[in-house]
Every structure is written in structure tokens, then in C-alpha cells.
Amino acid sequence: MKKIILIATILCLHLSLVFSQSQDLNIGTIAPDIRLPNLKGDTVTLSSLRGKIVLIDFWASWCAPCLKEQPKLAELYKKYKDSVFTVGKGFEIYGVSLDSKKTSWKSIIKKMNINWTQVSDLKFWVSPVTKKYNLQGLPFNVLIDGNGVIIAKNLHGVKLEQAIDKILI
Amino acid sequence: MNNIKIIFLSIFAIAMTANAFQSVTAKASQEPWTEHQLLAPADLAKALNDPKSPQPIIYSIGPQAIIKNSIDIGPAQEKGNLKKLKQQLNKLPKDANIVIYCGCCPFDKCPNIRPAFGLLNEMGFKKHKLLNLPHNLKVDWIDKGYPITN
């Protein structure tokens, strides 16, 4: 009997651990905060954008598929920047770059005319943010509402646009 | 009649086998490397963790030389970096143990590994390998706890 109780306890502990880990980035939960410097070196937190719909875009200048989707992001930014949503007013993109060289990061932002928030600790794949958001590859993104709640994950192109359209007033 | 059937079936079987062989070789020849020129990350990690074992010369031809003891060349899709790699390779004997890696993206999307591996082939190296990172450096190297630079 004692053995059964012990096994059940271990199983419960294991399940709760697994459950709590997988809860981190679930839709409907609060996105973990990010505190990283922008190109000027000023810290910009994700939570400072509360009130707006935010697309957290994980990318890098060395990631070809990421660069390919930047024009689409520019289009969405222009389209929704000042829109009013069911849970938020305005749309912002919080670009988190996994670059390691500041010159590469800076020059691609200039070259592609990226005019939304950009942050990076220039630590490449060993940046703590990769663990926080359990990144397995690039590009990756998370869409959050004005309260910081995750609405969608890893949507691209038309699917991303449709997800934003859905929450327009 | 039976003989004709057997002959027909034999010809059909030979044709199918030849067709399958052709498609396999065509697929393999799309890449500048062969299957045995792919180095398993576990094997490189084992060598790096054992200083007594022969150490290969490791070049990063991608965004960052994160693997321990690797030399940073930079993305090989840029002509300047490919030239830099060539200058480094000019100093080496053709039988040198060379490993190159990128790890920015999955192999099919990586713009760096093909020009770099093609250069090694052109220069006549005999023991060069591509580190097999089918996903990226994080998933196939860092997350496995293999040695990285500080």
C-alpha cells in the first residue's frame, strides 16, 4: 500500500512539473516579460507596451526566412498600427534579434527600413530569452493582447493577418 | 507463353530497379557532400572533450563561432568571407581533418554550407566534413550540452 502511495505521489509531482512547464507559453497565459536593450542601449521591456496588441518577433539578420517575412511585417505594422482592438488599442511589433554582431543587426534594420521596436542582447542562441520562450528555431513569433495575454503563436503571412483581423473592433 | 510472361516481368523489374537507383543518386548528387561526409555532433563533442584524441580544425562559416575551439569565418554566402576561408585553407595540407558548420537554419534553408563545402571540394581536400546540424545550433548542439566558447 505504501509503495502505491509513493508511486502515485511521484507520478503526481512529475505530472505537475510537466504541466507547469508546458503552461509557460500556452494561449491564454501571460507572456513572460522581456527586458532587453535597443540599438541605443536603452532597455525596453515587453510589459512597457501593455495596452497595445503586440507581435513578439524572434528573428536575426542571419536568418534568411526571417528576412523574407519582414516586408509582410512592415505591411501589417502599417495597416494595424493605429487600429482599435477588442483587447487593446494600437499594434506594435517587438522585434527580438538573436544577432551576435551589432553591426550586422544595425545594418539590416537600416537596409530594410524597420521602424518598430527592436531589442537584442547580442548573445545569439545562448541568449536567456531563447530559454524563456523555448525557442527551437527562427522565425518564431507570439501575438499578445493589451493585457499581455498570449492570443496566438508562430503564425505567419495570411494566417497572422487573419488572427489580427479577428480581434479588430 | 509462360516464358514470355517471365521475360516481360524480368524486364519490368530491371527497369523499376534502374529507375529507383537513378532517383536515389540524383537526390544524393543535389548536395556537394556525401552521406559519409556528415559528422555527427556527438562525435565532434567527444573529440573536443578528450584533448588526447586528434583534434580537427573547425571553421564556423555561419553567424557565430559558438563551438569550442572553432575559428570564426563569418557567413560563407558573403564573397569576402568565402575568400577569407580560402586564405585559411591555403595554409593546410589536403589531408587535414577539417570540419565546417553553420547551424543558422535547417540545411535546406541554409545559404552558407553549400558555398563553403563546394570550396573545400574544389580545393581538393580529402578529409573534410560538414557538422550534421539538421535543425540549428541550438537544438542540435547547445541544448545537448556540447562544448561551447565562453
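The values are calculated or read from the model by the stated rules, or taken from the named source; none is laboratory data. All values derive from a computational prediction rather than experimental measurement. Every residue, glycine as well, gets a Cβ built from its backbone with ideal geometry; the counts of neighbours run over all protein chains shown. Quick note on the areas: whole protein, heavy atoms, side chains included, nothing else; ligands and nucleic acids left out. Shrake-Rupley method; radii C 1.70, N 1.55, O 1.52, S 1.80 Å.
Yes or no, residue by residue, for (1) among the polar types (S, T, N, Q); (2) open to solvent by less than 10 Å² (accessible area, probe 1.4 Å); (3) away from chain A (no Cβ under 14 Å); (4) part of a loop (DSSP other than H, G, I, E, B):
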{"site": "B:Ala45", "(1), (2), (3), (4)": "no, yes, yes, no"}
{"site": "B:Gln88", "(1), (2), (3), (4)": "yes, no, yes, no"}
{"site": "B:Pro115", "(1), (2), (3), (4)": "no, no, no, no"}
{"site": "B:Gly124", "(1), (2), (3), (4)": "no, no, yes, yes"}
{"site": "B:His135", "(1), (2), (3), (4)": "no, no, no, yes"}
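Look at (1) of a type outside the set (Ser, Thr, Tyr); (2) modelled with pLDDT under 95; (3) in contact with a Phe, Trp or Tyr (Cβ under 8 Å, 6 or more places away or on another chain) and you find that B:Ile71 fails only one, number (2). Selection over segment B:47-66 of residues that are under 12 Å from B:Ile98 (Cβ atoms) and open to solvent by 20 Å² or more (accessible area, probe 1.4 Å) gives a count of 3. Return the total of residues in segment A:126-169 being open to solvent by less than 10 Å² (accessible area, probe 1.4 Å), among the β-branched types (Val, Ile, Thr) and outside any helix (DSSP H, G or I). Looking only at that region, the number is 3. Take the conditions surrounded by fewer than 18 Cβ atoms within 10 Å (Cβ to Cβ) and more than 12 Å from every other protein chain (Cβ to nearest Cβ) and apply them to A:Asn113. Does it pass? Here the answer is yes, as A:Asn113 does meet what is asked. Among the residues of segment B:90-113, just one is crowded, with 21+ Cβ neighbours inside 10 Å and either among the hydroxyl-bearing types (Ser, Thr, Tyr) or more than 16 Å from the chain's Cα centre (by Cα) (or both), namely B:Tyr101. For segment A:48-98, taking the residues that are of a type in the set (Ser, Thr, Tyr) and touching a strand residue (DSSP E or B) at 6+ places or on another chain (Cβ under 8 Å), the one that is farthest from the other protein chains (Cβ to nearest Cβ) is identified as A:Thr86.
Of the residues in segment B:67-86, how many are open to solvent by less than 10 Å² (accessible area, probe 1.4 Å) and within 14 Å of chain A (Cβ to nearest Cβ)? Lay out the reasoning, then the answer.
Within segment B:67-86, the subset open to solvent by less than 10 Å² (accessible area, probe 1.4 Å) is B:67, B:73-74, B:76, B:85.
Right, trim to within 14 Å of chain A (Cβ to nearest Cβ) and you get B:67, B:73-74, B:76.
Qualifying residue count for the region: 4.
Does segment A:14-36 include one or more residues that are within 14 Å of another protein chain (Cβ to nearest Cβ) and at pLDDT 95 or above? No; the residues of segment A:14-36 include none that is within 14 Å of another protein chain (Cβ to nearest Cβ) and at pLDDT 95 or above.
Looking at segment A:80-90, is at least one residue small (Gly, Ala, Ser) and touching an Asp or Glu at 6+ places or on another chain (Cβ under 9 Å)? Before you say what the answer is, go through the steps one by one.
Initial filter on segment A:80-90 (small (Gly, Ala, Ser)): A:83, A:88, A:90.
The next check asks that each one be touching an Asp or Glu at 6+ places or on another chain (Cβ under 9 Å); those that pass are A:88, A:90.
Scanning segment A:80-90, I find at least one residue that is small (Gly, Ala, Ser) and touching an Asp or Glu at 6+ places or on another chain (Cβ under 9 Å), so the answer is yes.
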